[in-house]
Amino acid sequence: MKKLSEIISKQVYYSHNGLKVGYVLSAEFSSDLKQICGLIIVDEENEVEMRVDYASISAENDVIFLKNNASLVYGEFAFKSVLGKKVYDKRANFLGSIKEIYLKNNKVCYFSTEKITFCSKNIVINGNDALILFGKKEKAEPFNFQNPLIQPEQVVQITRTENVLPSRIGIDARSLLGKIATRDILGINNELIIRNREVITQKKINEAKKHNKLNILFYYSK
């Protein structure tokens, strides 16, 4: 099992010739949030965004290798992030904001907030600004309001859903204001955008946008 945050910012190469494609900026999920469909990759030299199907990955460890027949789609991809999205139950109780997504291959195993852990099957609505879950009495498993952590063996297995349209993800820059950076973030030509433990201001957000590092800032903030 791996975390989505461990994929973000990884370097991407073609496996057949060692040519560097860029780094992972973000990810794309199915509309029901049951599986990861693709990656958004940025060419560091030209700051051009590309999308590639997740199935095009041939290996992933310290870096990501793409198959030699991987098809890259160029464009600008404006996403609404799942990470950081607020979570409520159907009775309007706030259950925290999504801090991490846990994956096994291309399947989403579960999500975690600062309060609970839950699976895709618990989601009633995947909205632009919030997720709405079944209430505790309506759906007893797999999450527990008293204990925010679920052991992996308790997580409900997700089956593949065919013909699911993708839901692109990204971030709302306003949610970063006032947070603290958890590492130094560098921009083009290794220009320092923000230091570790520095407060994120609108000026820092603007700098991150200028260097196309807004998603990186999001993942390394608290």
Quiz item: Roughly speaking, to the nearest percent, how much of segment 1-83's 1.4 Å accessible area is carbon and sulfur?
Solution: 45
Quiz item: Which lysines have a Cα less than 18 Å from the Cα of residue 20, not counting those fewer than 8 places away in the same chain?
Solution: 10, 67
Self-check item: Spacing of the two label points (7 Å from each Cα toward its C-beta) at residue 190 and residue 69, in nm
Solution: 4.0
Quiz item: How much accessible area does residue 112 have with a 1.4 Å probe, in Å² rounded to the nearest 10?
Solution: 20
Practice problem: Please report the relative contact order for segment 1-85, taking Cα pairs under 8 Å with a sequence separation of at least 6, and give it as a percent rounded to a whole number. | Solution: 24
Exercise. Could you sort out which of 107/213; 107/209; 85/115 sit more than 23 Å apart by Cα distance in this structure?
Key: 107/213; 107/209
Quiz item: Which value, in Å² rounded to 10, gives the accessible area of residue 132 with a 1.4 Å probe and all protein chains present?
Solution: 60
Quiz item: So which of 3/222; 104/179; 179/210 end up more than 27 Å apart by C-alpha?
Solution: 104/179
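The values are calculated or read from the model by the stated rules, or taken from the named source; none is laboratory data. These numbers come from a predicted model, not from an experiment. Note that we place each Cβ from the backbone using ideal geometry, even for glycine, and neighbour counts take in every protein chain shown. Note: accessible area is taken over every heavy atom of the protein model, side chains too, but ligands, DNA and RNA are not part of it. Shrake-Rupley method; radii C 1.70, N 1.55, O 1.52, S 1.80 Å.
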